[in-house]
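Everything on this sheet refers to the single structure shown next.
The values are calculated or read from the model by the stated rules, or taken from the named source; none is laboratory data. Worth saying up front: this structure is predicted, and the values here are computed from it rather than measured. Cβ sites come from the backbone with ideal geometry, for glycine too, and all protein chains shown count toward neighbours.
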Amino acid sequence: MMAAVVIGTILMMIFPLPSFFLDFLLAISISAALIILMVSIYITKPLEFGVFPTLLLISTLYRLSLNVATTRNILLNGADGDVANLVVAFGKVVVGGNFVVGFVIFIILMVINFIVITKGAGRVAEVAARFTLDAMPGKQMAIDAELNAGHINADEAKKRRKSVEKEADFYGAMDGASKFVRGDAIAGIIITIVNIIVGFAIGVLKYNLAPADSASKFTLFAVGDGLISAIPALMISTAAGIIVTRATSEGNLGSEVLNQVRIHPKAFYIAAGLIFFLAIIPGFPKIPFFLLSGVLFFLGRMATQWIQSRQQADENLKDADEKKKDEKEINSLDNLMKIDMLAIEVGHGLVPLIDPAQDGEIVDRIQGIRKQFAQEMGIIIPQVQLRDNLQLEPGGYQILLKGNKIAFGNLMVDYFLAMDPGGVELPISGEITKDPVYGLPAIWVHKRDKEEAIFRGYTVVNCSTVIATNITKILKEHAAELITRQDAQYLIDKLKETNPKVVDEVMQSDRLSLGEIVKVMQNLLREDVSVRDILTLFECLADHCKIIKNPDVLAEQCRKSLGRNIVQKYVNEKDEIFVVTVDRLIEDVLFGGLVTTESGSTYLNLDSKNAQDILQKLMKGIQIFDKEGSQPVLLLSARMRQAFQKLVARYIPQLIVLSYDEIPHDITVKNLEMIA
């Protein structure tokens with residue numbers, strides 16, 4: 001569209017145009033100038049009208065093309081009076097048909113435009129361009145500093161740099177565009193003088209008009225043409241001056257002027273007094289000064305009332321802020337009393353990993369872990385709270401469960417953790433450390449050495465992966481502490497929607513309470529048994545809860561029903577499970593120390609020597625699983641499984657204790673060793 005405008009503007013200089021079409025084009029010039037002036041008043045910052053320098057050039061070219069077209073029209077048709085109606089109107093109506101008055105008004109407008117507005121706006125644009133370019137390096141450094149400090153992300157920094165560049169380009173363009181306005185003013189004066197002189201000569205020599213008639217007619221047309229060109233030029237020059245003198249504000253020009261003037265009501269009162277004094281001086285007109293004095297006094301009263309209302313509003317706002325502050329203090333105390341179920345605290349060096357505004361990777365990782373945990377274990381863990389802790393080292397982190405630290409580590413920012421899976425022949429240089437999750441030997445390598453470490457056979461992970469792995473491990477180890485009555489009730493309600501009978505049978509008043517069901521689920525989760533198959537769990541409880549009330553015993557019965565789910569993670573692709581067993585002598589010792597309480601729970605009461613001997617032999621015997629690369633599993637009779645598991649859980653936490661009743665008949669058991 002703009003290309004068509006520019007081409008049409010050029011064509012106006014070449015081809016003659018009819019008078020009625022010139023009226024339309026002249027009206028467009030006035031309308032466009034008025035729109036540009038209004039936009040410059042209502043913008044809040046100069047960059048909102050960044051195309052103004054280009055519009056200034058196009059509008060100047062458009063007016064000069066109209067000058068050429070109207071000059072041609074006047075010189076060719078002026079003697080017959082067949083010129084554009086707007087030219088005639090400005091020549092007769094605006095200046096009263098007096099070409100001398102019109103010429104004087106035209107000269108005054110040109111002087112105002114050229115000497116006052118254009119020259120001032122050009123100087124302001126020149127200074128603004130210079131200072132903007134001088135300040136550009138400092139602004140760029142400030143943006144880089146905020147980016148390095150983590151206050152903004154890369155996208156915001158890029159956006160701000162672009163804004164700084166646009167600002168410098170804008171003021172530089174405005175500095176050059178002001179020269180167009182000045183040239184336009186000079187061209188207007190020259191064109192008008194040429195029209196007067198040449199028009200007078202044509203009227204006398206070609207059309208045989210009397211010198212007075214020729215001067216009157218062509219001068220009137222020339223002055224009308226000059227005025228109709230000067231007024232849009234003046235409006236656009238004013239718009240340029242407004243734009244380059246505006247500072248960035250929160251409102252448009254009108255609202256800013258009103259708000260900044262009425263904060264000083266004394267100025268209105270003093271002005272009203274001075275105007276009233278002028279009104280009583282003999283010889284001065286009374287009515288205008290008295291009327292203006294009254295208006296100024298009224299504006300002063302309005303400004304005073306506005307200030308009083310604003311002060312009242314500020315006081316109300318202050319009271320509201322104090323109230324909010326008190327509420328915030330109360331809420332902060334409440335927050336101090338509140339304990340998060342799960343929380344991760346990091347040092348300031350790891351803040352980008354947990355900050356969503358900086359594309360924190362941990363946030364997405366945790367969401368994935370929660371989904372995976374719900375699928376595997378059958379419970380929905382609560383939201384993990386992420387926050388920074390300035391008391392930690394820059395690369396430190398800690399995981400809190402109900403406000404208590406259960407895991408911690410110290411990472412190196414911008415480094416990767418390289419671990420030897422067993423086949424590395426050429427070690428890589430770096431800072432030797434231990435994996436914070438499992439305590440395995442590892443090396444911190446710089447990010448520039450990441451590819452080299454991978455090439456040499458290391459398993460390389462970033463800091464986010466280390467934290468995510470630690471979270472996953474902690475969730476499995478403490479799953480029993482994460483499930484609450486509310487969580488259990490949610491799972492039961494979901495089950496009741498599809499299987500109401502089994503739920504009603506288990507949760508009768510003489511059967512099991514919600515707390516007892518939660519204890520059964522906690523016993524299962526404590527040994528890494530999923531409760532996702534809650535239907536099978538409740539079917540088993542329905543079979544036994546009428547007689548058995550002890551959660552420990554019920555959990556053992558449920559393990560038998562969930563046996564396939566339990567052993568699935570320990571079998572290989574051939575449906576084989578590798579285990580170790582104990583010989584008859586150890587079984588006799590264990591049976592001899594087995595104690596059953598009145599409620600049905602069992603525990604082992606062994607002397608310290610026997611217990612220590614059995615644990616040492618067991619720890620030695622399960623080393624065979626390292627060769628197989630599988631989870632160590634001990635197979636015992638169902639009667640002593642729970643009691644023995646409680647014994648070994650503290651000393652050999654990686655050992656899985658299963659009973660014969662939990663192994664499905666289609667799973668092949670491979671006994672690697674018998675502990676004797």
So, first residue surrounded by 12 or more Cβ atoms within 10 Å (Cβ to Cβ) in segment 1-24, second residue aromatic (Phe, Trp, Tyr) and part of a helix (DSSP H, G or I), Cβ within less than 7 Å, six or more apart or across chains; the pairs are 9/62
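Results for (1) under 24 Å from residue 648 (Cβ atoms); (2) in the same structural domain as residue 634 (by TED's automatic domain parsing); (3) touching a strand residue (DSSP E or B) at 6+ places or on another chain (Cβ under 7 Å); (4) of a type in the set (S, T, N, Q), shown as yes or no for each residue.
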{"site": "498", "(1), (2), (3), (4)": "no, no, no, yes"}
{"site": "524", "(1), (2), (3), (4)": "yes, no, no, no"}
{"site": "537", "(1), (2), (3), (4)": "no, no, no, no"}
{"site": "547", "(1), (2), (3), (4)": "no, no, no, no"}
{"site": "552", "(1), (2), (3), (4)": "yes, no, no, no"}
- Query: Does residue 661 fit the bill of being within 30 Å of residue 541 (Cα to Cα), surrounded by fewer than 18 Cβ atoms within 10 Å (Cβ to Cβ) and of a type in the set (D, E, K, R)?
  - Reply: yes
So, first residue in the same structural domain as residue 219 (by TED's automatic domain parsing) in segment 194-208, second residue crowded, with 19+ Cβ neighbours inside 10 Å and charged (D, E, K, R), Cβ within less than 8 Å, six or more apart or across chains; the pairs are 195/225; 199/217; 203/217
Looking across segment 332-341 at residues that are surrounded by 10 or more Cβ atoms within 10 Å (Cβ to Cβ) and at pLDDT 60 or above, the single one that is nearest to residue 483 (Cα to Cα) is 341
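Would a scan of segment 344-354 turn up a residue that is outside any helix (DSSP H, G or I), under 21 Å from the mean Cα position of the chain (by Cα) and crowded, with 18+ Cβ neighbours inside 10 Å?
Of segment 344-354, the ones outside any helix (DSSP H, G or I) are 344-347.
Then keep just the ones that are under 21 Å from the mean Cα position of the chain (by Cα); that gives none.
The answer is no; no qualifying residue exists.
Per-residue answers, yes or no, for (1) buried (at least 18 other Cβ atoms within 10 Å of the Cβ); (2) under 26 Å from residue 422 (Cα atoms); (3) under 55 Å from the mean Cα position of the chain (by Cα):
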| site | (1), (2), (3) |
| --- | --- |
| 584 | no, no, no |
| 588 | no, no, no |
| 604 | yes, no, no |
| 609 | no, no, no |
| 615 | no, no, no |
| 625 | yes, yes, yes |
| 641 | yes, no, yes |
| 665 | no, no, no |
| task | For segment 633-649, state whether one or more residues are under 26 Å from residue 537 (Cα atoms), small (Gly, Ala, Ser) and part of a strand (DSSP E or B). | result | no
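Residues checked against (1) in a helix (DSSP H, G or I); (2) at pLDDT 85 or above; (3) not assigned by TED's automatic domain parsing to the domain that holds residue 224:
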{"residue": "16", "(1), (2), (3)": "no, no, yes"}
{"residue": "27", "(1), (2), (3)": "yes, yes, no"}
{"residue": "32", "(1), (2), (3)": "yes, yes, no"}
{"residue": "38", "(1), (2), (3)": "yes, yes, no"}
{"residue": "44", "(1), (2), (3)": "no, no, no"}
{"residue": "47", "(1), (2), (3)": "yes, no, no"}
{"residue": "54", "(1), (2), (3)": "yes, no, no"}
{"residue": "57", "(1), (2), (3)": "yes, no, no"}
{"residue": "60", "(1), (2), (3)": "yes, no, no"}
Among 344, 354, the single one that is over 20 Å from residue 153 (Cβ atoms), modelled with pLDDT of 80 or more and of a type in the set (Val, Ile, Thr) is 344
The condition of being aromatic (Phe, Trp, Tyr) and either loosely packed, with under 13 Cβ neighbours inside 10 Å or modelled with pLDDT of 85 or more (or both) holds, among 284, 289, only for 284
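With segment 369-487 as the region, which helices (runs of 4 or more DSSP H) entirely inside it contain at least 3 residues that are more than 28 Å from the chain's Cα centre (by Cα) and closer than 26 Å to residue 565 by Cβ?
Values: elements: 450-455, 463-477, 479-482.
Those helices (runs of 4 or more DSSP H) span 463-477, 479-482.
Restricting attention to segment 161-215, and to residues there that are hydroxyl-bearing (Ser, Thr, Tyr) and surrounded by fewer than 16 Cβ atoms within 10 Å (Cβ to Cβ), which single residue is modelled with the lowest pLDDT?
We begin by selecting, within segment 161-215, every residue hydroxyl-bearing (Ser, Thr, Tyr); these are 163, 171, 178, 192, 207, 214.
In the following step, the residues that additionally are surrounded by fewer than 16 Cβ atoms within 10 Å (Cβ to Cβ) were identified as 163, 207.
Details: 163: 80, 207: 75.
The selected residue is 207.
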Given the conditions (1) more than 51 Å from the chain's Cα centre (by Cα); (2) of a type outside the set (A, V, I, L, M); (3) closer than 16 Å to residue 642 by Cβ, every one holds for residue 540 apart from (1)
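I'd like the residue in segment 499-526 that is closer than 16 Å to residue 539 by Cβ and without any contact (Cβ under 8 Å) to a residue 24 or more places away in the chain and, out of all such residues, is farthest from the chain's Cα centre (by Cα). Don't jump to the end; show me each part of the working.
Initially, segment 499-526 is screened for residues closer than 16 Å to residue 539 by Cβ, giving 499-508, 511-512, 517, 520-521, 524.
Now narrow it down to the ones that are without any contact (Cβ under 8 Å) to a residue 24 or more places away in the chain: 500-501, 504, 507-508.
On the way: 500: 46, 501: 49, 504: 49, 507: 48, 508: 52 Å.
The extreme case among them is 508.
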